[in-house]
Amino acid sequence: MRAKKVIVLHVKDDVEKEEFMKEIQRMNLSAFVYIHGKLNSLKVNIQGTKDEIREAIRAIREAHKRVRGRLYPDRQGLYTYYPEDIFKEASANVSVPILIKALELMGERVEVKEDYIRTSMPWKEMVELVRRLSEVTAEIALQTTRQIREVVVPVSVVYDLDPEDLLNILVDLGVAEYKEDKFKYELIKNKEQALETLLNHLKGEGDED
């Protein structure tokens, strides 16, 4: 039996409307959904079976919550992001440890939760950061292990340095080596030691200028 339900979502501005509409377009809902935009609200018409409508309302409210979380900071000045949402928007993918380390190196506040992150970096900057991290990851992926990428990629993007140069510096510093049999760069020390050694080296070079 078909039914119909109307819900109203309050929005602050056109950016929120656009972001929410993008989310809805990505969703694969069984119910038929029609949205009519007003000045500060969206009127959402949902048609389908009772179960389809119930599932659609749950998904729509969840999508709106996610959009608001990434557009507006909370009282602590932190935005809430689900990594998959950033990756969709950026049309790019990067490991979460690389993203977190980049944010920390940039001096952003960041908290890692089970399936989302909270950080002080605004949405558009976050999307652009993921794009850049993804590009550098792809550049060195074939010749590196996951561990060494988690050191090189964030430093390369944050300090605007060539990732190949950073790999060679890590070898020169004795914290990584090039395995001829695997055609890959690997860390000798753990990630934290390697990163600290690399940053100290870069800082020392900067001090000499």
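The values are calculated or read from the model by the stated rules, or taken from the named source; none is laboratory data. Quick caveat, the model's predicted, so the values are computed rather than measured. Note: ideal-geometry Cβ built from the backbone for every residue, glycine included; neighbour counts use all protein chains shown. Remember, those area values only see protein heavy atoms, side chains included, never the ligands or the DNA or RNA. Shrake-Rupley method; radii C 1.70, N 1.55, O 1.52, S 1.80 Å.
Over segment 1-69, with the other protein chains present, what is the accessible area per residue in square angstrom, probe 1.4 angstrom?
Working: 4420 Å² over 69 residues.
Solvent-accessible surface per residue comes out at 64 Å².
Could you look at segment 1-128 and say what percent of its accessible area is carbon and sulfur, using a 1.4 Å probe and all protein chains?
About 49 percent, which is the carbon plus sulfur part of the accessible surface.
Rounding to the nearest 10 and keeping the result within 0 to 90°, find how far the Cα-based axis of helix 123-140 lies from the longest principal axis of the chain.
Taking the Cα atoms of the chain, the angle to 123-140 is about 40 degrees.
If I stretch the segment between LEU29 and GLU192 completely, what's the gain in nm (0.36 nm per residue apart, minus their alpha carbon distance), one decimal?
Full extension from LEU29 to GLU192 adds 54.3 nm.
Where in segment 117-157 is the amide nitrogen less than 14 Å from a point lying 7 Å along the Cα-to-Cβ axis of GLU84?
In segment 117-157, the label zone of GLU84 (backbone N under 14 Å from the point 7 Å along Cα→Cβ) covers 117.
Suppose the chain between HIS10 and GLU62 were pulled fully straight at 0.36 nm per residue; how much longer would it get relative to their current alpha carbon spacing?
Roughly 17.3 nm would be gained on extension.
FRET efficiency for ASP181 and LEU202, Cβ-Cβ distance as r, R0 = 25 Å, nearest 0.05?
Calculated value: 0.25.
Please report the net charge: other residues with Cβ closer than 11 Å to the Cβ of LEU103, K and R +1, D and E -1.
Local charge sum for LEU103: -1.
Pick from GLU55, GLU23, GLU89: which is most flexible by mean-square fluctuation in a GNM of the chain where alpha carbon atoms under 10 Å apart are linked?
Evaluated over the chain, the most mobile residue of the options is GLU55.
Per DSSP helix of 4 or more residues, -39500 (n - 2.57); summed, then divided by the residues of the chain. What does that give at 222 nm, rounded to the nearest 500?
-17500 deg cm²/dmol
Assuming R0 = 35 Å, can you tell me the calculated FRET efficiency for the pair ASP160 and GLU18, based on Cβ-Cβ distance, to the nearest 0.05?
About 0.70, to the nearest 0.05.
Please state the shape class of segment 82-190: rounded when a/c is under 1.5, otherwise prolate if a/b exceeds b/c and oblate if not, all from the C-alpha gyration tensor. Please list the in-between numbers first.
On the way: a/c = 2.10, a/b = 1.90, b/c = 1.11.
The shape class here is prolate.
At 1.4 Å probe size, with every protein chain present, just tell me what the per residue accessible area of segment 77-204 comes to in Å². Don't skip to the end; give the middle numbers.
Details: 6500 Å² over 128 residues.
For segment 77-204, the per-residue accessible area is 51 Å².
Taking K and R as +1 and D and E as -1, what net charge do the other residues with C-beta under 14 Å from the C-beta of ILE53 add up to?
Computed value for this residue: +4.
Given the options LEU71, LEU142, LEU161, which has the most mean-square fluctuation in a GNM of the chain, springs set between C-alpha atoms less than 10 angstrom apart?
Comparing LEU71, LEU142, LEU161 in a Gaussian network model of the chain, the most mobile one is LEU142.
Most fluctuating residue of THR119, THR197, THR137 in a GNM of the chain with Cα springs under 10 Å: which is it?
Greatest mean-square fluctuation among the candidates belongs to THR197.
Taking Kirkwood radius over Cα pairs in Å straight from the coordinates, which label in (i) 19.6; (ii) 18.9; (iii) 17.7 is the correct one?
Computing Kirkwood radius over Cα pairs in Å and matching it to (i) 19.6; (ii) 18.9; (iii) 17.7 gives (i).
Which lysines does LYS38 reach when only Cα atoms under 28 Å apart count, and residues fewer than 8 places away in its own chain are ignored?
Within reach: LYS4, LYS5, LYS12, LYS17, LYS22, LYS50, LYS65, LYS88, LYS124.
How much length is gained on full extension from GLU55 to SER91, taking 0.36 nm per residue of separation minus their Cα-Cα distance?
Here the segment from GLU55 to SER91 would lengthen by 10.3 nm.
Between segment 1-45 and segment 99-153, what's the alpha-carbon centroid distance in Å?
32 Å
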